[in-house]
Amino acid sequence: MQIAIDGPASAGKSTIAKLIAKNLNFVYCDTGAMYRAVTLLAKNHKIDYGDVSGILDLMNKHSIKFLNTDKGQDVLLDDVNVSNEIRSEVITNNVSQVSAIKEVREQLVEMQRKLANDANIVMDGRDIGTTVLPDAEVKIFLIASVKVRAERRYKENVERGINTSLKILEDEIEARDYKDSHRKISPLKKAEDAIEVDTSDMSIEQVVNKVSEIVNSKK
Ligand code: C5P
């Protein structure tokens, strides 16, 4: 079975996808982490985020691996665990430029489809229902207001000891959504057959219950 969870930045996709995968004992795949890992590779090697051949060359020369763990998914760059580093501000604010590159998407989508062929999977991202797994049995499009998403991100940051302004977070989320939904290839878009869930006024538990209901109705 394939469960696709798409939606804009910070809508809670990974949190929900991880819990659903755990409950069902499915493999979890965070495709955003893949685009983030490639962005980190470019940053580490001082390659411009728009330098297509430079980035493709790095992807050929370095290994990026994804491991399922109890907590979700670990990302290894040349066997070094970079799961925290890929969440940094600089990666978050530049990943949309790298993810807009056609050849980067082609390589990562191939990896994503392979993973989905090998196991029951819950995959989250922006184009899973529209492009990566168009035949997924369950397609969810998670949304929440920009204000709520920025507030959630703000709380997460405070817990991690990072101090950012709520207004800056709102602006960054809006800018990333704009870039992700206006790129030429596989833009962020609700698949026609996806079920939209607005999580603005819902707790994590309520969202998990709602998504589980949808999954059960498709079994
Ligand atoms: O989900 P997350 O916020 O970690 O995704 C980071 C970025 O990766 C997105 O803003 C988007 O640019 C890119 N992405 C994508 N397609 C996906 C998943 C993520 O283009 N399927």
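A few remarks follow.
- Ranked by how many other beta carbons lie within 10 Å on average, peptides 103-115, 150-162, 36-48 from highest: 36-48, 103-115, 150-162
- Tally of Lys pairs whose C-alpha atoms are under 20 Å apart, taken over segment 94-169, 8 or more apart or cross-chain: 5
- Nonlocal amide H pairs with residue 83, under 5 Å, H built at 1.01 Å: 75
- For peptides 186-195, 2-11, 78-87, sequence by mean Cβ density within 10 Å, most packed first: 2-11, 186-195, 78-87
- Percent of beta bridges antiparallel (DSSP, the chain, rounded to nearest 5): 30 percent
- With all pairs of different C-alpha atoms in the average, the Kirkwood value for the hydrodynamic radius of segment 2-214 is 17.4 Å.
- For the chain, the membrane-span-like helices by this rule, meaning whole DSSP H stretches whose C-alpha atoms cover at least 15 Å of axis and whose Kyte-Doolittle mean is -1.0 or above, are 13-24, 31-44, 204-218; this says nothing about an actual membrane.
- Split the accessible area of segment 71-200 by element, probe 1.4 Å, and carbon with sulfur accounts for 50%.
The values are calculated or read from the model by the stated rules, or taken from the named source; none is laboratory data. Remember, it's a predicted structure, so these values are computed and weren't measured experimentally. Here the Cβ is made from the backbone with ideal geometry for all residues, glycine too, and neighbour counts use every protein chain on show. Heavy atoms of the whole protein, side chains included, go into the accessibility calculation; ligands, DNA and RNA do not. Shrake-Rupley method; radii C 1.70, N 1.55, O 1.52, S 1.80 Å.
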